[in-house]
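Have a look at the structure below, then the notes.
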Amino acid sequence: MKTILLSINPEHVENIFNGTKRYEYRKIRCKEEVSKIVIYSTSPVMKVVGEAKIDAVLEKPPEDLWRETNAHSGIDKKFFDSYYKGRGNGIAYRLSDVEQYSEKKDLSDYGIVSAPQSFVYLDG
């Protein structure tokens, strides 16, 4: 199982840390099996701020995905619909064991030069 580093908007990062967002939504599923995400908070933070285990990967039509995950989505339906507009399927990573780092880290600590558009696999 792999670990990925995800670029996530600071507002969504905060909702992951406060527990209102227990799912991270993506348009494309990783080709490799993933067991953990490392969280990179995008501008203005621009730091690696934490990590979470992935309990499950859901892949379903957006309406089914919303019905199953909305109680802990951390986003509203309008944002969700806009994000998945025109998509046949959506992906949701169910997060657990969320850890906020006491000290933020730089991408260079992971051997990464610039923030990934979506995600990058991490070694080890």
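Quick note: the coordinates plus some simple rules give every number you see, no bench work behind them. All values derive from a computational prediction rather than experimental measurement. Cβ coordinates were reconstructed from backbone atoms using ideal geometry, including for glycine residues, and neighbour counts include every protein chain displayed.
Observations on the structure shown:
- Compactness of the stretch 70-122 as Cα Rg over 2.2 N^0.38 Å, two decimals: 1.53
- For the chain, the relative contact order comes to 38 percent (Cα pairs under 8 Å, sequence separation of at least 6).
- For the stretch 2-122, projected area of the alpha-carbon convex hull averaged over all directions, nm²: 7.2
- Remark: the Cα gyration tensor places the stretch 44-106 in the prolate category, a/c being 1.5 or greater and a/b exceeding b/c.
- The chain, dipole about Cα centre (Lys/Arg Cβ +1, Asp/Glu Cβ -1), debye to the nearest 20: 380
- Ellipticity estimate at 222 nm from DSSP helix runs (n ≥ 4, -39,500 (n - 2.57)) divided over the chain, nearest 500: -5000 deg cm²/dmol
- With a simple spin-label model that places each label point 7 Å from the Cα along the Cα-to-Cβ direction, the separation between residue 78 and residue 103 comes to 4.2 nm.
- For the stretch 1-59, average projected area of the Cα convex hull in nm²: 4.0
- Spacing of the two label points (7 Å from each Cα toward its C-beta) at residue 59 and residue 89, in nm: 0.4
- Ranking 110, 82, 122 by Cα position along the charge dipole of the stretch 79-124, where only Lys, Arg, Asp and Glu carry charges on their C-beta atoms, puts 82 farthest toward the positive end.
- Secondary structure note: in the stretch 2-122, about 75% of the DSSP beta bridges are antiparallel.
- Take the Cα of residue 35, step 7 Å toward its Cβ, do the same at residue 68, and the gap between the two points is 2.2 nm.
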